[in-house]
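Comments concern the structure below.
The values are calculated or read from the model by the stated rules, or taken from the named source; none is laboratory data. Everything numeric in this text was worked out from a predicted model, so none of it was measured. Because the Cβ atoms are built from the backbone with ideal geometry, glycine has one as well, and the counts that use them run over all protein chains shown. All accessible areas refer to the heavy atoms of the entire protein, side chains included, with ligands and DNA or RNA removed. Shrake-Rupley method; radii C 1.70, N 1.55, O 1.52, S 1.80 Å.
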Amino acid sequence: MTLEQLRIFVEVAERQHLTQAANALSLTPSAVSSAIRVLENRYGIPLFNRVGRRIETSEAGRIFLTEARSTLASARAAELTLSELGGLQRGALSIQASQTIASYWLPELLVRFHQKYPQIELSLTIGNTQQVAQAVVDGAADLGFIEGTIDESALVVETVDDDRIVAVVGPNHPWANGQKLTPADLRTGKWILREQGSGTRSALEEMLKAIDVDVNTLQIALTLPSNEAVRSAVMSGPFVTVVSELVVASHLQAGLLCKADVDLPLRSFYLLHHKARYKTKASLALQEMIQRQQR
């Protein structure tokens with residue numbers, strides 16, 4: 001069994017799709033299929049169930065996935081230990097971040113980091129809050145950045161910045177006139193929300209809880225998987241949503257969206273790292289850059 005076979009298996013298991021896994025790995029679908037078939041034939045156990053044109057991870061595959069992730073994380077840690085013997089002249093830094101942070105907060109920081117340490121290979125993956133936390137727990141990411149709260153004893157959670165969230169509507173929406181909204185008003189609106197597990201969804205639920213409004217009493221028209229999809233949907237109809245001001249700043253300035261008058265608290269952006277795992281020099285350098293930015 002090779003590390004490459006493990007990488008291929010993990011990509012296919014996480015995506016449940018051969019072609020998508022092949023694209024992520026820069027391989028052909030036939031090469032990915034062949035690698036999976038070799039593993040299954042060698043150990044005499046199916047790792048995936050073929051259902052029509054789809055594939056699903058088998059029970060054995062789900063059990064094996066945990067071990068495969070752990071093995072890859074250990075191999076990567078060993079590789080980083082060797083590469084860092086030469087200081088920050090080479091190495092890699094794997095980051096996972098929630099959508100708002102990855103799209104609007106991190107890019108400028110990563111550009112500055114690259115300019116200072118051009119030999120460090122940066123890798124950024126986007127996920128929701130729960131997915132990011134799990135990636136750091138599993139060792140798939142050195143650092144995680146989230147905008148929601150988590151309860152995970154294996155992780156250190158540090159506040160790195162504050163973010164203002166806003167309720168927005170289209171310019172023709174009745175709430176675009178600046179009227180002060182009551183809890184009862186919120187229940188009459190047609191809402192477009194992010195998916196469960198996202199930091200933005202969690203922020204809305206916490207805000208509603210503070211004013212004794214159950215999110216389940218809202219009229220939820222759509223649940224969408226990205227900030228951009230939510231923003232576009234609100235612009236196209238009589239809807240309301242809550243997002244980071246970073247996501248809609250240019251649209252508010254252009255008059256394509258308007259703020260609804262709802263009192264919303266600041267929320268925090270958080271940095272995650274594992275309590276027990278080796279901290280690479282690259283990850284420490286990025287953390288130091290963030291700390292200097294906060295001063």
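For this structure, a couple of remarks:
- Size of electric dipole in the stretch 100-154: Cβ of Lys, Arg +1 and of Asp, Glu -1, about Cα centre, debye, nearest 20: 280
- Signed unit charges on C-beta, dipole axis of the chain, positive-most listed residue 25, 221, 75: 25
- Reducing the stretch 93-124 and the stretch 256-295 to their Cα centroids gives an inter-centroid distance of 12 Å.
- Using Cβ point charges alone (K and R +1, D and E -1), the dipole size of the stretch 177-253 about the Cα centre works out to roughly 160 debye.
- About the centre of its Cα atoms, the chain shows a dipole size close to 580 debye [charges on the beta carbon of Lys, Arg (+1) and Asp, Glu (-1) only; nearest 20 debye].
- Using C-alpha pairs below 8 Å separated by at least 6 residues, the relative contact order for the chain is 21 percent.
- Taking only the C-alpha atoms of the stretch 169-295, Rg followed by Dmax gives 17.7, 54 Å.
- Couplings for the stretch 199-206, taken from phi via the Karplus curve 6.51 cos²θ - 1.76 cosθ + 1.60 with θ = phi - 60°, read x, 5, 5, 4, 4, 5, 4, 5 Hz in order; Gly and Pro are left as x.
- As a size descriptor, the averaged projected area of the C-alpha convex hull of the stretch 58-167 was calculated at 9.0 nm².
- For the stretch 101-220, alpha-carbon Rg relative to the globular expectation (2.2 N^0.38 Å, N residues): 1.33
- Rh (Kirkwood; distinct C-alpha pairs) - the chain, Å: 21.4
- q = 0.13, 0.15, 0.21, 0.26 Å⁻¹: log10 I(q)/I(0) that the Debye formula gives for the stretch 248-295, counting C-alpha atoms only: -0.61, -0.69, -0.85, -1.03
- Across the protein chains, with a 1.4 Å probe defining accessible surface, the residues 70, 198, 30 rank 30, 70, 198 from largest area downward.
- In a DSSP loop and with at most 12 other Cβ atoms within 10 Å, the trypsin sites (Lys or Arg not before Pro) in the stretch 23-116 are 53.
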